[in-house]
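Enquirer: I have a structure here, written as C-alpha cells, and I will follow up with some questions on it.
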Amino acid sequence: MAIALNTKLAEGVQKAAAEAGLAVVNGQESAGFNGIPTEKYTLALVSAPEGHTFTLELSAGFDITAANIAPAVRAYLLESAKRLTNPRPDVFVTLGGLPVSFTNWQWPFHLSVSGADTYVVHGGATLEDGKTAADQYLKAKVSASMTVTFAEVVAAPEQPFAEGFIYNAVRKILDQGQMELTKSGGNRQVVPVTTRYYSAKQGKFIFNDTTAQQRADYLLSKIYWLSGVLGGGAPVWIADPRDAQYLNTTVEELKKTAESLAGEGILKLDPKFEYASSTEPLMAHHAEYEHHLQDALDFTRPTFNEEMRAGHTNM
C-alpha cells in the first residue's frame, strides 16, 4: 500500500476499504473541477492487488464516519469490490445495447460556474465494442447536473452517493437518443437529473419501467458484451444493484431471470446465481447484437441535417 496521505479522511477510507475487501493502492491530494481540494484514492481487491482498480475521489475533510454517511459508503465500496471482479468493471450496457465505459469523472458535484442554480459533475462515456481502435473510439464529454433543490434528496454530493444514479441517467439519455457519441467527443453534453427520475413517494430513483422480457434481454446483452466480447468468456456480476435501479427491479429478480436463462443453456451461472458467463449459443447471436448496437448508435445521431450532409440543399 503506497498511500501518501495522513489525514482523518485517509484513515477512514483505509478502514472502510478493508471492511469491503479492498486495499488502498495509492492516495493523494487533488482538486475537483472547480479547484476545491479533494483526496483521490486508487483501490484494488485485497485478493487481487495487481488486478483491476477504481478511483475514489472525495472532498478533503469529508467525514465518511458520520452516522448518516458511513452505511452508504460501506454499501458503495462493497458493490465496487464486486464490480472489480468483472473483466471490465468500468463498462455498463444500455437497454438499447450499447456497451459504454465511464471514465475521468471529477468528483464531487460543484456549483455551476454559469450562475445557474445547479450542481454539476463532469466526466466521459465511451463506446466499447471490442474492435474499434483506441484513436477511433466514439465518446461523449458529459456534464451531469441536478438542481440545488433536487440535491436535497441526496445525502451528500459525493461520489459514493451520486455515481450510481448519474451513470444510470447517462444510460437513460443514451436510450432516449439525446446524447451523441463522436470520435472527437465534441462539446460537453448536458445530462439533467431531475425529479422525473425520482419518486418522492417511493423514496427511490426510477429510470425505466421494464418487462420481464426486457430484463432478460438486458442480461443477455450484458453477458454478451462484458463476458463474451470484452471479457474472453470470464464471469460477470449480474446481481448488481446499479442495474436493478436502472431497470426498476430488484437484485433477486435479476438472479431469478438469470437462473431461467441458464436453464435454457444460453448462459452459464454460478451456484449462488450472482455471476454469469457467455456460452457458444449466446455468442452465435453476434450479428443480432451488432445490429442492435448499430441501431442504438443511429438513434443517438441527429437527423435534422442529413439532407445537407448529403449535399441535397437549395441553399
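Enquirer: Would it be correct to say that Glu11 is surrounded by fewer than 16 Cβ atoms within 10 Å (Cβ to Cβ), within 20 Å of Leu78 (Cα to Cα) and free of Cβ contacts under 8 Å to residues at least 12 places away in the same chain?
Expert: yes
Enquirer: OK, next. Has the stretch 240-249 got at least one residue that is crowded, with 18+ Cβ neighbours inside 10 Å, assigned to a strand (DSSP E or B) and at pLDDT 95 or above?
Expert: No: zero hits.
Enquirer: Is at least one residue of the stretch 295-306 among the polar types (S, T, N, Q), at pLDDT 95 or above and either in contact with a helix residue (DSSP H, G or I) (Cβ under 7 Å, 6 or more places away or on another chain) or over 25 Å from Gln176 (Cβ atoms) (or both)?
Expert: no
Enquirer: Can you name the number of the only condition in (1) surrounded by 11 or more Cβ atoms within 10 Å (Cβ to Cβ); (2) modelled with pLDDT under 90 that His122 fails?
Expert: (2)
Enquirer: Please state which one of Ala44, Ala72 is surrounded by 13 or more Cβ atoms within 10 Å (Cβ to Cβ), touching a strand residue (DSSP E or B) at 6+ places or on another chain (Cβ under 8 Å) and in contact (Cβ under 8 Å) with a residue 40 or more places away in the chain.
Expert: After applying the criteria, what remains is Ala44.
Enquirer: Regarding Ala287, is this residue within 30 Å of Trp237 (Cβ to Cβ), surrounded by 13 or more Cβ atoms within 10 Å (Cβ to Cβ) and either small (Gly, Ala, Ser) or at pLDDT below 95 (or both)?
Expert: When the stated conditions are applied, Ala287 does not pass them.
Enquirer: Within the stretch 80-103, does at least one residue satisfy the condition of being at pLDDT 95 or above, aliphatic (A, V, I, L, M) and over 19 Å from Val191 (Cβ atoms)?
Expert: Within the stretch 80-103, one or more residues are at pLDDT 95 or above, aliphatic (A, V, I, L, M) and over 19 Å from Val191 (Cβ atoms).
Enquirer: Now for a different question. Looking at Lys15, Lys40, can you tell me which residue is part of a strand (DSSP E or B), modelled with pLDDT of 95 or more and basic (Lys, Arg)?
Expert: Residue meeting the stated conditions: Lys40.
The values are calculated or read from the model by the stated rules, or taken from the named source; none is laboratory data. These numbers come from a predicted model, not from an experiment. In this analysis, Cβ positions are derived from the backbone assuming ideal geometry, glycine residues included, and neighbour counts consider all displayed protein chains.
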